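Trainee: Quick one: this structure, given as structure tokens, is what I'll be asking you about.
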């Protein structure tokens, strides 16, 4: 809830309310050049809806699922078409604001004839067609597959961006840019690749869980096989891409040894275990009972750890606290063995079937010490009961030690990492400016450390103050704002805003003069957006006037 | 030298990777297809087992709906000294023309039997078979127990039974229960 509120505040703060309604709506919903608006969220939502439609289509093919849920599928179809229609209408209405279409006359007509708009229309047209023309329902269902084409609205620009970012790079470097998180070369396509893998992990794990439900497996056994085959194909491709391209990454440079080193790493083993049960089961099921391997498919869930820093932090904490935790585990072990032996000593004669030997008593000792208390084995002799009282009280403290250790070490580690981030910010501010690239690094690190925007702003503020204390002045620009103040502070004071504007303009003029004075140092026009190019040309033209 | 090791713009190592990837995907496809084919065979047995159960449900609810020949063989006689009709006779009638299992052969191998006593892991001939187990009388509160229905078992009124199918690995899949 708070996140939504936060994003609303950001979106409204970057899109001025003074804009005409159509411009404002375009900037708010569809403009890809405005950071922090709803364009990405809208794209993501539409992509999810497309995936939802694909699954609905597949599930509808199973009579056992379709028949009892026919009305649900019907409503989902209607809701999807309504949303897609709204999206199409919105894009059509706002085409006049889109630079791609408003350069000439009839921007809406130009939009309607663009390939993406045709795809959008094709995605919804069959539904409306069925309302006026008597269309075979099966044909209608097949036509709904065309909605999947909408995904190209996201994929094609991402592919173009990826191709531009990787122009002149080798095939292996491109594979590396796609398969590994890479801010410089990956672009949106890499994000989509990650999302694709995450979706498949979730689908395959859900399938494994649902397979264990007898009634579901009875109905969908063939579908589960197909799903597993597709998941294995996806994960095998991913695994091979990683093995092939890992040598492009730091630390794995050698063609053979680098790959072997990677193959031995935890994440690569997880990737391997995600696919190997399929091959073993398919090849050897006639010889051995390998059904237990199916459970190993749940290990695919571990693949998600690649996309979160939390597991890495936890591992660091465990490594760091290992000596203390080892000592605590040793005490625990000592207590368990001692208690089990005493339990055997006191209770064996009274209950030879339950306290049959010391190993059996260990089970009782652990269950009692951990405060689980199933009650299937309980002492009956006075000595045994007295010992259990002491044991239960001790257990609360002893078993809590590792948990408390982990918890405090975890928060300690987070604090250390946040301090490291702050130091990094300070280092970045060494030149008085936080560039876009540095900003991206900060955002990525903040995401990994689960820091909110407010916390990042606070850390930045602290780094800024430290910079000021060291250098005796405000940095030139922090987070896009100047004079050591936030953009909100500047906008709140008109005089200061005007001063800030003048200062920015003066800097651009300085840059223009510097560029002019040094032949061959023109700004690379292809790296600028049309707006940036336009502003640069206007300033150049104004400065050229007598 | 470098250009000689390239083929249509791809270096040999790149080509090797693409070939390996395609090979792995082909292997996944072939193995998946084989699993799918076996799963479909199990599905055919399951489908027939479901049809069998529905047939018995029809027999119990509305005997007029089923064929006379099968009805005669599978309906227990209401006589004091026990029915003379046996499960074997009923089973044969079910496989005969007009029965729910008419024309059904074991999907895994046509020489394998259609009916069997139990799914045996080490006996591949039990793959795809239909097992009918009779319900045993158990004291109240105890879980239901079942035993293979012997061919000579006389049919009784209200005899409970369950139907099981053996899958591609000869593991039992419970299909459902019914009553005569």
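The values are calculated or read from the model by the stated rules, or taken from the named source; none is laboratory data. From a predicted model like this one, the values you see are computed outputs, not experimental measurements. Cβ coordinates were reconstructed from backbone atoms using ideal geometry, including for glycine residues, and neighbour counts include every protein chain displayed.
Trainee: Collect the residues in the stretch A:102-127 that are under 20 Å from residue A:52 (Cα atoms) and out of contact with any helix residue (DSSP H, G or I) (no Cβ under 7 Å at 6 or more places or on another chain), keeping them in residue-number order.
Mentor: If the condition is that a residue be under 20 Å from residue A:52 (Cα atoms) and out of contact with any helix residue (DSSP H, G or I) (no Cβ under 7 Å at 6 or more places or on another chain), then A:125 is the only one that fits.
Residues checked against (1) in contact with a strand residue (DSSP E or B) (Cβ under 8 Å, 6 or more places away or on another chain); (2) at pLDDT 85 or above:
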{"site": "B:74", "(1), (2)": "no, no"}
{"site": "B:78", "(1), (2)": "no, no"}
{"site": "B:86", "(1), (2)": "yes, no"}
{"site": "B:96", "(1), (2)": "no, no"}
{"site": "B:100", "(1), (2)": "no, no"}
{"site": "B:103", "(1), (2)": "no, no"}
{"site": "B:106", "(1), (2)": "no, yes"}
{"site": "B:119", "(1), (2)": "yes, yes"}
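Trainee: Considering only the stretch B:53-61, I want to know if a residue exists there that is assigned to a helix (DSSP H, G or I), touching a helix residue (DSSP H, G or I) at 6+ places or on another chain (Cβ under 7 Å), away from chain A (no Cβ under 11 Å) and more than 28 Å from residue A:283 (Cβ to Cβ). Write out each step before concluding.
Mentor: Taking the stretch B:53-61 as the starting set, the residues that turn out to be assigned to a helix (DSSP H, G or I) are B:53-61.
Checking which are touching a helix residue (DSSP H, G or I) at 6+ places or on another chain (Cβ under 7 Å) leaves us with B:58-59.
Remaining after also requiring away from chain A (no Cβ under 11 Å): B:58-59.
After this cut, where a residue has to be more than 28 Å from residue A:283 (Cβ to Cβ) as well, the list is B:58-59.
Yes, that holds for at least one residue.
Trainee: Also, I was wondering about something else. Return the only residue of B:26, B:16 being more than 15 Å from the chain's Cα centre (by Cα), within 30 Å of residue A:286 (Cβ to Cβ), loosely packed, with under 14 Cβ neighbours inside 10 Å and within 11 Å of another protein chain (Cβ to nearest Cβ). Can you show your working first?
Mentor: On the way: B:16 fails: within 30 Å of residue A:286 (Cβ to Cβ).
Only one candidate passes the filter, namely B:26.
Trainee: Only one residue in A:57, A:94, A:25, A:29 is under 30 Å from residue A:129 (Cβ atoms), surrounded by 14 or more Cβ atoms within 10 Å (Cβ to Cβ), more than 29 Å from the chain's Cα centre (by Cα) and in contact (Cβ under 8 Å) with a residue 60 or more places away in the chain. Which one? Step through it out loud before you land on a result.
Mentor: Working: A:57 fails: more than 29 Å from the chain's Cα centre (by Cα); A:25 fails: more than 29 Å from the chain's Cα centre (by Cα); A:29 fails: more than 29 Å from the chain's Cα centre (by Cα).
It is A:94.
Trainee: Are any residues in the stretch A:223-259 surrounded by fewer than 14 Cβ atoms within 10 Å (Cβ to Cβ) and either more than 15 Å from residue A:175 (Cβ to Cβ) or away from chain B (no Cβ under 13 Å) (or both), and if so, which ones?
Mentor: A:250, A:251, A:253, A:254, A:256, A:257, listed by residue number.
Trainee: Being at pLDDT 90 or above, part of a helix (DSSP H, G or I) and more than 11 Å from chain B (Cβ to nearest Cβ), is that true of even one residue in the stretch A:214-222?
Mentor: Start the filter on the stretch A:214-222 by keeping residues that are at pLDDT 90 or above, which leaves none.
The answer is no, given that none of the residues of the stretch A:214-222 is at pLDDT 90 or above, part of a helix (DSSP H, G or I) and more than 11 Å from chain B (Cβ to nearest Cβ).
Trainee: Which residue pairs have Cβ atoms under 8 Å apart, sit 6 or more places apart or on different chains, and have a first residue in the stretch A:441-464 that is modelled with pLDDT of 80 or more and a second that is outside any helix (DSSP H, G or I) and crowded, with 20+ Cβ neighbours inside 10 Å?
Mentor: Sorted first by the residue in the stretch A:441-464, then by its partner, the pairs are A:442/A:434; A:459/A:451; A:460/A:434; A:460/A:478.
Trainee: Considering only the stretch B:159-180, state which residues are part of a loop (DSSP other than H, G, I, E, B) and in contact with a strand residue (DSSP E or B) (Cβ under 6 Å, 6 or more places away or on another chain). Walk me through it before giving the result.
Mentor: First, pick out the residues of the stretch B:159-180 that are part of a loop (DSSP other than H, G, I, E, B): B:159, B:167-171, B:180.
Result: B:167, single match.
Trainee: Moving on to the next point. Anything in the stretch A:374-403 that is under 30 Å from residue A:322 (Cβ atoms) and touching a helix residue (DSSP H, G or I) at 6+ places or on another chain (Cβ under 7 Å)? List them, or say none.
Mentor: Applying the first criterion (under 30 Å from residue A:322 (Cβ atoms)) to the stretch A:374-403 yields A:390-403.
Result: A:391, A:392, A:394, A:395, A:398, A:399, A:401, A:402.
Trainee: Hey, can you tell me all the residues within the stretch B:127-172 that are buried (at least 19 other Cβ atoms within 10 Å of the Cβ), within 14 Å of another protein chain (Cβ to nearest Cβ) and under 29 Å from residue A:283 (Cβ atoms)?
Mentor: B:127, B:128, B:164, B:165, B:166, B:167, B:168, B:170
Trainee: Within the stretch A:20-77, work out how many residues are part of a helix (DSSP H, G or I) and farther than 24 Å from residue A:125 by Cβ. Even if it seems obvious, please write down each step before you answer.
Mentor: Going residue by residue through the stretch A:20-77, those that are part of a helix (DSSP H, G or I) are A:21-29, A:39-59, A:63-66, A:70-77.
Checking which are farther than 24 Å from residue A:125 by Cβ leaves us with A:21-28, A:39-41, A:44, A:63-65.
Qualifying residue count, the stretch A:20-77: 15.
Trainee: Residue A:111 passes all but one of (1) under 28 Å from the mean Cα position of the chain (by Cα); (2) more than 30 Å from residue A:221 (Cβ to Cβ); (3) crowded, with 16+ Cβ neighbours inside 10 Å; which number fails?
Mentor: Of everything listed in (1) under 28 Å from the mean Cα position of the chain (by Cα); (2) more than 30 Å from residue A:221 (Cβ to Cβ); (3) crowded, with 16+ Cβ neighbours inside 10 Å, residue A:111 misses just condition (1).
Trainee: Let me ask something additional. Could you say whether any residue in the stretch A:329-337 is part of a helix (DSSP H, G or I) and under 30 Å from the mean Cα position of the chain (by Cα)? Outline the logic, then answer.
Mentor: Pass one, the stretch A:329-337, residues part of a helix (DSSP H, G or I): A:329-337.
This time we only want the ones that are under 30 Å from the mean Cα position of the chain (by Cα), so: none.
Within the stretch A:329-337, none of the residues are part of a helix (DSSP H, G or I) and under 30 Å from the mean Cα position of the chain (by Cα).
Trainee: Out of all the residues in the stretch B:31-46, is one or more more than 14 Å from chain A (Cβ to nearest Cβ), at pLDDT 80 or above and either touching a helix residue (DSSP H, G or I) at 6+ places or on another chain (Cβ under 9 Å) or surrounded by fewer than 17 Cβ atoms within 10 Å (Cβ to Cβ) (or both)?
Mentor: In the first step, residues of the stretch B:31-46 are kept if they are more than 14 Å from chain A (Cβ to nearest Cβ); the result is none.
No; the residues of the stretch B:31-46 include none that is more than 14 Å from chain A (Cβ to nearest Cβ), at pLDDT 80 or above and either touching a helix residue (DSSP H, G or I) at 6+ places or on another chain (Cβ under 9 Å) or surrounded by fewer than 17 Cβ atoms within 10 Å (Cβ to Cβ) (or both).
Trainee: Right, something else. Restricting attention to the stretch A:159-171, and to residues there that are surrounded by fewer than 18 Cβ atoms within 10 Å (Cβ to Cβ) and assigned to a helix (DSSP H, G or I), which single residue is farthest from the other protein chains (Cβ to nearest Cβ)? Lay out the reasoning, then the answer.
Mentor: Here is the first cut: in the stretch A:159-171, the residues surrounded by fewer than 18 Cβ atoms within 10 Å (Cβ to Cβ) are A:159-161, A:163-164, A:167-170.
Still in the list and also assigned to a helix (DSSP H, G or I): A:159-161, A:163-164.
Values: A:159: 18, A:160: 20, A:161: 22, A:163: 15, A:164: 19 Å.
It comes out as A:161.
Trainee: Can we say residue B:59 is surrounded by 14 or more Cβ atoms within 10 Å (Cβ to Cβ) and at pLDDT below 90? Before the answer, list the steps.
Mentor: Details: surrounded by 14 or more Cβ atoms within 10 Å (Cβ to Cβ): yes; at pLDDT below 90: yes.
Criteria met by residue B:59.
Trainee: Continuing with the same structure: Hey, residue B:54 hits all of (1) surrounded by fewer than 17 Cβ atoms within 10 Å (Cβ to Cβ); (2) free of Cβ contacts under 8 Å to residues at least 12 places away in the same chain but one; which does it fall short on?
Mentor: Here residue B:54 meets the rest and fails (2).
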